[in-house]
Structures are given as C-alpha cells and as structure tokens.
1. Which helices (runs of 4 or more DSSP H) does the stretch 210-302 wholly contain that include 2 or more residues that are under 30 Å from Ser45 (Cα atoms), not basic (Lys, Arg) and not assigned by TED's automatic domain parsing to the domain that holds Asp189?
2. So for the stretch 159-174 (the condition being in the same structural domain as Pro255 (by TED's automatic domain parsing), touching a Ser or Thr at 6+ places or on another chain (Cβ under 8 Å) and among the charged types (D, E, K, R)), does at least one residue qualify?
3. Could you tell me which residue of the stretch 251-282 is surrounded by the fewest Cβ atoms within 10 Å (Cβ to Cβ), considering only residues that are more than 27 Å from Trp181 (Cα to Cα) and small (Gly, Ala, Ser)?
4. What are the residue pairs meeting all of these: first residue in the stretch 210-226, first residue farther than 30 Å from Arg258 by Cα and in contact (Cβ under 8 Å) with a residue 60 or more places away in the chain, second residue among the polar types (S, T, N, Q) and surrounded by 14 or more Cβ atoms within 10 Å (Cβ to Cβ), Cβ atoms under 6 Å, and 6 or more apart or on different chains?
5. Quick check: anything in the stretch 190-209 of a type in the set (D, E, K, R) and crowded, with 18+ Cβ neighbours inside 10 Å?
6. Among Thr149, Thr144, Thr93, which is the only one that is more than 18 Å from Pro40 (Cα to Cα), polar (S, T, N, Q), in contact with a helix residue (DSSP H, G or I) (Cβ under 9 Å, 6 or more places away or on another chain) and within 16 Å of ligand 2 (Cβ to nearest atom)?
7. Within the stretch 46-81, track down each residue that is out of contact with any His (no Cβ under 9 Å at 6 or more places or on another chain) and away from ligand 2 (no atom under 11 Å from the Cβ).
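The values are calculated or read from the model by the stated rules, or taken from the named source; none is laboratory data. The structure presented is a predicted model; accordingly, all values stated were derived computationally and were not measured. Here the Cβ positions follow ideal geometry from the backbone for every residue, glycine too, while neighbour counts run over all protein chains shown.
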Amino acid sequence: MGNDGWVFNIQRFSLHDGPGIRTTVFVKGCPLSCVWCHNPEGLVSTPQVRLTTNLCVHCGRCVAVCAPGGHAVDAEAHTLRLEDCTRCGACVTACPAGALEMVGRSMSVEDVLAVVRRDIPFYDTSGGGMTISGGEPLAQFDFTHALLTAAKAEGLRTAMESALLTPWERLQALAPLLDTWLVDLKHTDDARHRTLTGVPNTLILANLRRMIEAGWPLTVRIPWVPTLNAEPAFLDGLLSFLPAFPTPPPVEFMPYHRLGLSKWPALGGTSRIDAEIPAADRAEIEPWAACLREAGITVKIG
Ligand code: SF4
Ligand code: SF4
C-alpha cells in the first residue's frame with residue numbers, strides 16, 4: 001500500500017493538540033497499552049468493527065452473516081466477540097440500522113491532505129496547522145514521515161503527539177518536519193511505567209533527554225490519572241528530571257476523563273481501568289503544577 005496509512009479519525013477545529021486551530025489526524029496502532037487508554041480504536045493497526053448500541057434494532061442479521069460468531073444478539077443485548085473477526089465487513093453491510101461500522105480506513109497522504117487543506121485560512125489566522133496523533137504515529141513511521149514531508153512542502157505548520165518509544169534515528173528523521181512535539185510521559189519510574197503501560201520507559205526518557213538537550217520545540221504532556229500515576233513518586237521523578245535542564249520544556253497536564261470507558265465494549269473489548277476511578281479534578285492537579293512552577297517549569301492544565 002505504498003505510503004498509505006491506517007487512519008481512524010480526522011478531527012477538524014481541534015484546540016487541544018498544539019498551537020492555534022488544528023486538524024488532528026489519528027492513526028491506528030500503538031506499542032503501549034496504558035491502563036487508562038481512552039482511544040482503544042487506536043491500539044491496533046487494523047480496522048475494527050464498532051457497534052453503536054442505541055442504533056441496534058436486534059434483528060440478528062449480523063449474526064446470520066458472521067461465520068466466526070462475532071455477534072451475540074437477543075431481545076435485550078448485543079454483545080461482540082471479535083477475537084476471530086476476519087474484518088470481512090459482511091455484518092456492516094448486512095445491518096439495516098447503521099449500527100455497525102468499520103473503524104479505520106486506509107488513506108493516502110493526498111487523501112489526508114485534501115481534508116487538512118480545507119482549514120488553511122483558520123491555521124493562518126490562529127497559528128495552527130496539522131497534528132498527527134493516535135494511537136502512536138511512530139507505529140506507522142513511513143506514513144507519518146511521508147505525510148509530514150508533504151505537509152511541510154505545502155508550508156503547513158506541523159505537530160505530532162508521541163510517546164517516543166522508537167530509535168533516536170527515527171526522531172532525527174522527523175525533526176526537520178515538525179514545528180511542535182507533544183511528548184506523552186506516563187511515569188518517570190520504570191517499574192511503574194511497565195505496570196501502567198506494558199513497556200519500559202528507558203528509551204522514552206533517553207529520547208526525551210536528547211530532545212530537550214538539543215532544544216527541540218516540545219511540550220511534555222502528562223496524563224494525570226487518580227490512583228494510578230497521580231502518586232508522589234511521579235511528582236518526585238518529574239522534579240528530579242525536568243528542572244535539571246538549563247532550559248526545561250513546558251508541561252501540560254491532561255486530566256483523566258471517563259469518556260473512553262464506553263468505547264471499549266463498542267469494539268468488543270474490556271477497559272483495564274477500574275470503572276470506579278473518578279475523573280480528575282483540576283484542583284487536585286494544582287499542587288503538582290505549583291511544585292513544578294516553583295522549580296521554574298511553565299505549566300498548563302489541559
Ligand atoms: S467483519 Fe468480523 S464480525 Fe463482521 S461479519 Fe466479518 S468476521 Fe463477522
Ligand atoms: S444487523 Fe444491525 S440492527 Fe440487526 S442486530 Fe446486528 S447490529 Fe443490530
């Protein structure tokens with residue numbers, strides 16, 4: 001498929017993914033599996049069946065066409081069992097109610113830019129542009145590189161949200177193509193990072209260190225999740241790591257919200273986060289922000 005990529009959403013008029021008004025391109029696939037993940041449609045690199053429960057009229061036509069038994073439907077409920085789904089799309093076609101769809105489609109660089117170009121007047125007046133997010137954009141490195149190259153050739157301002165779990169050479173290849181890096185940092189302690197995301201943080205921190213030392217334009221984005229990474233050891237780690245740089249990067253806290261919980265069953269999955277964990281209260285994050293500001297860090301709470 002050349003430099004085509006798997007994209008699960010293109011969000012226009014985004015105000016939270018870099019400077020100004022932006023169009024955010026969400027690509028599929030991620031090497032992390034954060035306990036609090038609120039974009040489960042970004043985790044795997046392939047298309048997925050998604051059910052909109054309140055549209056389902058329980059007719060059972062999807063059951064009839066699905067050989068692997070991906071749908072269980074009775075008068076009360078519709079449950080997905082998609083472990084053996086072949087992504088044939090038969091259930092989506094058969095559904096008379098529009099309750100099923102395939103999330104994720106293959107798009108060329110030109111397909112994506114055709115959408116991004118629509119809002120150039122807004123980028124120009126706001127300092128905005130295109131952001132690549134996910135999932136993890138580096139999981140589709142060739143597509144991400146090709147898209148950024150083409151965007152830059154057209155004079156668009158670019159940003160990318162990434163967890164940096166990749167060889168340094170790949171980041172170097174993207175550096176000339178990016179005006180803004182949004183670096184997701186989940187925890188500074190390696191053992192806790194493994195527990196919360198499924199992967200170590202050594203490469204992530206090494207990459208981040210090199211980027212800061214090289215003066216790349218970046219913001220450290222921190223998902224702040226009650227009872228998980230919102231713990232003193234993480235704040236201590238941030239206070240040891242960031243202020244040590246002569247020019248530390250700004251930090252943006254991303255308060256945990258519960259909007260992702262309902263996405264999991266719609267994709268036939270189960271969220272790993274305890275459903276009882278409340279959304280983060282900005283007032284709880286303020287003491288963290290105050291500590292970092294006192295240490296000379298610019299802090300925003302998203
Ligand atoms: S896309 Fe998956 S769930 Fe739908 S009919 Fe094909 S195998 Fe079954
Ligand atoms: S075909 Fe559509 S409306 Fe009928 S049971 Fe399946 S999802 Fe529901």
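1. Details: elements: 232-241, 263-266, 282-294.
Per the criteria, no element qualifies.
2. Within the stretch 159-174 (the criterion being in the same structural domain as Pro255 (by TED's automatic domain parsing), touching a Ser or Thr at 6+ places or on another chain (Cβ under 8 Å) and among the charged types (D, E, K, R)), the answer is yes, since at least one residue qualifies.
3. Ala275
4. none
5. Applying the first criterion (of a type in the set (D, E, K, R)) to the stretch 190-209 yields 190, 192, 194, 209.
Cutting the leftovers down to crowded, with 18+ Cβ neighbours inside 10 Å gives us 192.
Within the stretch 190-209 (the criterion being of a type in the set (D, E, K, R) and crowded, with 18+ Cβ neighbours inside 10 Å), the answer is yes, since at least one residue qualifies.
6. It is Thr93.
7. Within the stretch 46-81, Thr46, Pro47, Gln48, Ala67, Pro68, Gly69 qualify.
Residues are listed down the side, and each one gets a yes or a no for (1) within 24 Å of the chain's Cα centre (by Cα); (2) at pLDDT below 95; (3) surrounded by 13 or more Cβ atoms within 10 Å (Cβ to Cβ):
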| position | (1), (2), (3) |
| --- | --- |
| Lys28 | yes, no, yes |
| Gly89 | no, no, yes |
| Val92 | no, no, yes |
| Pro96 | no, no, no |
| Glu101 | yes, no, yes |
| Asp119 | yes, no, yes |
